[in-house]
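Worksheet: the structure to be examined is printed underneath.
The values are calculated or read from the model by the stated rules, or taken from the named source; none is laboratory data. All values reported here derive from a predicted model rather than from experimental measurement. Using ideal geometry, Cβ is built from the backbone for each residue, glycine included, and neighbour counts are taken over all protein chains shown.
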Amino acid sequence: MANNIGGSINQLFRGNSPGNVSKAGKPDAKAKLPSKVKDDGKLQKSDNLFGASAKVELSPEVEMYGKVVDLLQKKYDNADVFVAGPGEDLSQIGGDLEYSIILSEDEMKLLASDDPKDKEAKDKLMGQIDDAMKTISDMSEKIGGNTDESDDISNFGIKMDKNGKMNFFADINGNSFKADSIDNLIKSFAASKA
């Protein structure tokens with residue numbers, strides 16, 4: 001499972017595509033509406049832009065992911081939510097908010113499920129996410145308390161296995177640290193500075 005919660009001091013990906021959004025955050029040019037010619041030769045704006053047959057339909061996956069993102073962002077307004085496939089480099093996934101919650105497709109499906117038979121597993125997963133979000137705050141404080149302004153903290157976080165066991169990681173000063181507890185992670189970092 002890709003259940004992962006991470007915080008990043010220097011976010012890896014920011015900004016919008018420069019061609020689509022101006023500095024003010026508004027579209028660069030107004031969209032031109034299609035027009036049709038009336039019998040008298042004058043142009044008239046079409047009431048239906050693309051005709052009666054055109055509809056926007058979202059795939060079930062997009063609707064499912066949107067439902068889960070809404071659920072988690074209402075609960076954790078300081079976290080972006082992402083889905084990751086097997087084998088993806090989770091350290092390269094990040095958003096604009098303080099933390100990132102990265103879930104597998106199966107976890108997304110479980111959280112989106114309204115089936116009563118999934119309630120127990122869904123509640124367990126939400127509990128694991130709650131625990132991880134509380135722990136990541138503690139981890140942030142401990143890393144902050146053991147580093148100074150000369151240290152470059154590029155990424156830190158928690159990976160959780162399917163049983164809810166947490167493993168901690170941090171990328172500090174170009175070195176990667178991994179441990180089974182926050183304290184062991186801090187000890188590894190402190191030893192590297194000595």
Does segment 82-112 hold any residues that are at pLDDT below 90 and among the small types (G, A, S), and which are they? A84, G85, G87, S91, G94, G95, S100, S104
Looking at N175, N167, N163, which is the one that is over 17 Å from D70 (Cα atoms) and in contact with a Lys or Arg (Cβ under 7 Å, 6 or more places away or on another chain)? N167
Closer than 30 Å to I186 by Cβ, modelled with pLDDT under 90 and surrounded by fewer than 19 Cβ atoms within 10 Å (Cβ to Cβ), is that true of E141? no
Look through S100, S176 and report the one residue that is among the polar types (S, T, N, Q), under 15 Å from the mean Cα position of the chain (by Cα), part of a strand (DSSP E or B) and on the phi < 0 side of the Ramachandran plot. S100
Between residues in segment 115-128 that are over 13 Å from M160 (Cα atoms) and residues that are in a helix (DSSP H, G or I) and modelled with pLDDT under 95, which pairs lie under 8 Å by C-beta distance while being six or more apart or on different chains? D118/L110; A121/L110; K122/L110; K122/L111
Within segment 135-173, of all residues that are out of contact with any strand residue (DSSP E or B) (no Cβ under 8 Å at 6 or more places or on another chain), touching a residue at least 40 places away in the same chain (Cβ under 8 Å) and assigned to a helix (DSSP H, G or I), the one farthest from G95 (Cα to Cα) is K142
Of these, L71, L111, L125, L103, which one is over 25 Å from F189 (Cβ atoms), among the aliphatic types (A, V, I, L, M) and surrounded by fewer than 16 Cβ atoms within 10 Å (Cβ to Cβ)? L71
Only one residue in I136, I153 is touching a helix residue (DSSP H, G or I) at 6+ places or on another chain (Cβ under 9 Å) and either among the basic types (K, R) or closer than 30 Å to K193 by Cβ (or both). Which one? I153
